[in-house]
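Heads up: the structure comes next, in structure tokens.
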Amino acid sequence: MTLTDDAVHFGFNKSELSAEAKAALDAFAKKVKDENKNVYIEIQGNTDSIGSDKANLVLGQARAETVLRYLNMQHGFPLNRMSAVSYGKFKPIADNKTAEGRAKNRRVTLVVLY
């Protein structure tokens, strides 16, 4: 199960969760808990293409870790059942040549492994 790429987005050069992102994470957490499964969650941080490879990998990691902390502190997900990884600008889902595309690429994707 993957939380859609459209659900958890970030502002330019930001790693703070918006109210919309928190609501998406709350819904994700409820769904996982309702299914009552012991799952492993890979949290993938992504960025747009602006900036250096290194800066984007660092920013992607910060975004993934922000989500990891939120799921742990707000919903009690155990840290040993989650990992945060950065893909930086290397896994875009939209065209980085447009502002709209770059906004879509500033995201976190949650992959649930059963």
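None of the figures in this text is laboratory data; all of them are computed from the coordinates on show. Predicted model only: the values in this text are computed from it and were never measured. Positions of Cβ are generated from backbone atoms using ideal geometry, with glycine treated the same way; all protein chains shown enter the neighbour counts.
Projecting the Cα positions of L57, L71, I43 onto the charge dipole of segment 1-73 (unit charges on Cβ atoms of Lys, Arg, Asp and Glu, taken about the Cα centre) puts L71 furthest along the positive direction.
Taking a straight Cα-Cα cut-off under 22 Å and skipping sequence neighbours fewer than 8 places away in the same chain, the lysines within cross-link reach of K33 are K22. Taking amide H atoms as placed 1.01 Å from N in the peptide plane, the amide H of A84 lies under 5 Å from those of I43, each 5 or more residues away in sequence or on another chain. A value for volume of the Cα convex hull per residue in Å³ was derived from the coordinates, and within the list (1) 97; (2) 151; (3) 87 it appears as (3).
Taking every alpha-carbon pair within segment 67-114, the share separated by more than 14 Å comes to 59 percent. 3J(HN,Hα) along segment 99-112: 4, 5, x, 4, 4, 5, 7, 7, 8, 10, 10, 10, 10, 9 Hz, from the Karplus curve 6.51 cos²θ - 1.76 cosθ + 1.60 with θ = phi - 60°, whole Hz, x for Gly and Pro. Of the residues I43, I93, the one with the fewest other Cβ atoms within 10 Å heads the list, and the complete ranking is I93, I43. A Cβ-based charge dipole, computed about the Cα centre of the chain with Lys and Arg at +1 and Asp and Glu at -1, lands at about 140 debye. Listed values for segment 62-78 are Karplus-derived 3J(HN,Hα) couplings in whole Hz (6.51 cos²θ - 1.76 cosθ + 1.60, θ = phi - 60°), namely 4, 5, 4, 5, 4, 5, 4, 4, 4, 5, 6, 6, 8, 10, x, 5, x, and x replaces Gly and Pro.
Note: relative contact order over the chain, using C-alpha pairs below 8 Å and six or more positions apart, is 41 percent.
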